[in-house]
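Heads up, the thing below is written out as C-alpha cells.
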Amino acid sequence: MSTTVFKRGQIWMAELGNPVGTELGYEHPVVIISGADLIKTNSSRVICVPGTSKKYVNPRTGKLLALHLEVVQSPLNGLSRSTYFMSEQIRALSSRRFRRKMGMIELRLLAKMEEHLRFAMDLFEPV
C-alpha cells in the first residue's frame, strides 16, 4: 500500500488489531487527521480517529458523549450507517492496516472533530 495517497478527512476501513481494555479493535472506519506535511514525510504511519456504530451516551443526560462525533451515512462519506467517531481514541496506524477507502468526512464535521481533539488533548485554538 506504499503507493496509496492518504489525505486529511478521508474515511477508510482499517484493521485496528486486537483490543485491550476499552480500545476499539478489529475492523472499523477511521477518519485520517494527519496533516499533509506529516503524510508527506511519513506516509507509512497515519494518525486517525476510529469510529463505531455503537452510540455511547452519558447515563445522566442521555446525550452523546462529548468527544464522540456522529457522522450520518451519505454518498460523500461512503459509510453504511451512522458512525460515532471517538476522539479520545486517537491513534497512529501503519499504512498496512488500511483496507479500503470509503469516502470523505464533510468539512464542517472535520472542524467539529478538530474541536473535540483540542479539548481531549488540552490544546489551544489556532490563532
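Table for the structure above
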| read-out | value |
| --- | --- |
| Percentage of interatomic Cα-Cα distances in the stretch 45-90 larger than 17 Å | 38 percent |
| Filtered chymotrypsin sites (Phe, Trp or Tyr not before Pro), the stretch 31-127: DSSP coil and at most 13 other beta carbons within 10 Å | Tyr56, Phe124 |
| Under-18-angstrom lysine pairs by C-alpha in the stretch 1-111, whenever the two are 8 or more apart or on separate chains | 4 |
| Spacing of the two label points (7 Å from each Cα toward its C-beta) at Lys55 and Phe119, in nm | 1.8 nm |
| The stretch 1-87: trypsin sites (Lys or Arg not before Pro) in DSSP loop, at most 16 other beta carbons within 10 Å | Lys7, Lys54, Lys55, Arg60, Lys63, Arg81 |
| Among Pro75, Pro59, Pro50: highest mean-square fluctuation, GNM of the chain, C-alpha pairs under 10 Å | Pro59 |
| Dipole moment magnitude, nearest 20 debye, the stretch 10-120 about Cα centre, only Lys, Arg, Asp, Glu C-beta charged | 160 debye |
| For the chain, convex hull volume per residue from C-alpha positions, Å³ | 121 Å³ |
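Each reported figure results from applying straightforward, stated rules to the coordinates on display, with no laboratory input. Just so you know, these numbers come straight off a predicted model, no measurement behind them. Every residue, glycine as well, gets a Cβ built from its backbone with ideal geometry; the counts of neighbours run over all protein chains shown.
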